[in-house]
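Here's the structure we're looking at; comments come further down.
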Amino acid sequence: MTNKLGIIGGSGLYEIDNFEDKQFIDCITPWGEPSDQILKTKYKNKEVFFLPRHGKGHFISPSKINFRANIDALKQQGVTDIVSISAVGSLKKELQPGKFVIVDQFIDRTFVRNKTFFDNEIVAHVSMANPTSKGLMDACENAIKKSNIDYKRGGTYIVMEGPQFSTLAESNLYRSWNADVIGMTNMPEAKLAREAEIRYASVSMVTDYDCWHPEHENVDVQKVIEVLTGNASKAKDMIKNLIDCFEIYIDPEDPAINCLDVAIITAPEKRTKETKEKLKTIAGRVLK
């Protein structure tokens, strides 16, 4: 199988520049429309797909992102590997604005989002013990090093509902849990990628210290945007290095590969044709 890389761009990263043969694809999914058109392009003759999570111009609130449509649309294009790039607040002093964090764990504090493709008739339970792919994390680390970006390998990302920022009590609670960064978008994205058997990695770009820090008591969007601009420039350079190397780091033992083989619990006779058709992109391999 050909490995294809998909990039999901978060706040500040709405497009990628200087790539060949740009084609914008409109996708139809059983879950509705994705956040925007998918950009299909090439770099050094390698195909890559890019989707801005909030839409170009940032018009989709975190709670309104159609995560299921985004993942389905990327899988329709044959994407096997997703690297999520997100803006986050820091919960630790040493993770200063401008630093990148290669996330390896999540705490999901969202509560109004559709978090599974298997919400009707067919039930599946995938493991999320290790929600990110080691091989992709290795590729991200290699790309970040080549771009001379200050970074940390490993970290826990608190995913809050938003769109409001944390209260001081919440921020201090998450710090007491030893979480590293806080954001609003990697869940249920990572869960849905796993259900779709797509390898997933997350690179978080720190924009501020969240409100626990005395100098960041009131998180200011305009100040965040200033840091975002610099981060986005670094991220675009990182993406080029990532496209160049990601296939070298594919892990054949990755937990996302064929995870649906042991996840679906519903008896075959209970799986209707209509539901199997709805899930054909995500789980067609195991629902034939």
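The values are calculated or read from the model by the stated rules, or taken from the named source; none is laboratory data. Here the structure is a predicted model, which means the values were calculated and not measured. Here the Cβ positions follow ideal geometry from the backbone for every residue, glycine too, while neighbour counts run over all protein chains shown.
Which condition number in (1) outside any loop (DSSP other than H, G, I, E, B); (2) over 24 Å from residue 283 (Cα atoms); (3) not acidic (Asp, Glu) is the one that residue 71 fails?
Answer for residue 71: the failing condition is (2).
Filter region 159-185 for residues that are surrounded by 14 or more Cβ atoms within 10 Å (Cβ to Cβ) and of a type in the set (Phe, Trp, Tyr); which is nearest to residue 102 (Cα to Cα)?
174
Across region 10-32, which residue is nearest to residue 232 (Cα to Cα) among those that are modelled with pLDDT of 95 or more and crowded, with 17+ Cβ neighbours inside 10 Å?
The qualifying residue nearest to residue 232 (Cα to Cα) is 27.
Pull out all pairs, ordered by first then second residue, where Cβ-Cβ is under 7 Å, the residues are six or more apart or on different chains, the first lies in region 119-144 and is free of Cβ contacts under 8 Å to residues at least 60 places away in the same chain, and the second is buried (at least 19 other Cβ atoms within 10 Å of the Cβ).
Here the result reads 141/102, each pair linking region 119-144 to a residue that is buried (at least 19 other Cβ atoms within 10 Å of the Cβ).
Taking the criterion of being basic (Lys, Arg), within 29 Å of residue 80 (Cα to Cα) and touching a Leu at 6+ places or on another chain (Cβ under 7 Å), would at least one residue in region 197-204 satisfy it?
The answer is yes, given that some residue of region 197-204 is basic (Lys, Arg), within 29 Å of residue 80 (Cα to Cα) and touching a Leu at 6+ places or on another chain (Cβ under 7 Å).
Here's a check for you: in region 32-53, which residue that is part of a loop (DSSP other than H, G, I, E, B) and free of Cβ contacts under 8 Å to residues at least 60 places away in the same chain is nearest to residue 192 (Cα to Cα)?
34
For region 105-130, name all the residues that are touching a strand residue (DSSP E or B) at 6+ places or on another chain (Cβ under 8 Å) and over 30 Å from residue 274 (Cβ atoms).
105, 106, 107, 109
Are there helices (runs of 4 or more DSSP H) fully within region 164-257 with at least 3 residues that are of a type outside the set (Val, Ile, Thr) and either within 30 Å of residue 118 (Cβ to Cβ) or touching a His at 6+ places or on another chain (Cβ under 8 Å) (or both)? List them.
In region 164-257, the matching helices (runs of 4 or more DSSP H) lie at 189-195.
Evaluate region 248-256: report whether one residue or more is in contact with a helix residue (DSSP H, G or I) (Cβ under 9 Å, 6 or more places away or on another chain), within 17 Å of residue 99 (Cβ to Cβ) and among the aromatic types (Phe, Trp, Tyr).
Within region 248-256, none of the residues are in contact with a helix residue (DSSP H, G or I) (Cβ under 9 Å, 6 or more places away or on another chain), within 17 Å of residue 99 (Cβ to Cβ) and among the aromatic types (Phe, Trp, Tyr).
I'd like the full set of residues that are among the polar types (S, T, N, Q) and surrounded by 22 or more Cβ atoms within 10 Å (Cβ to Cβ), limited to region 81-106.
Passing the criteria: 84, 86, 90.
Under 6 Å between Cβ atoms, at least 6 apart or on separate chains: pull out the pairs that start in region 71-85 with a residue that is touching a residue at least 24 places away in the same chain (Cβ under 8 Å) and under 13 Å from residue 189 (Cβ atoms) and end on any residue that is of a type in the set (Lys, Arg) and buried (at least 24 other Cβ atoms within 10 Å of the Cβ).
Final answer for the pair search is none.
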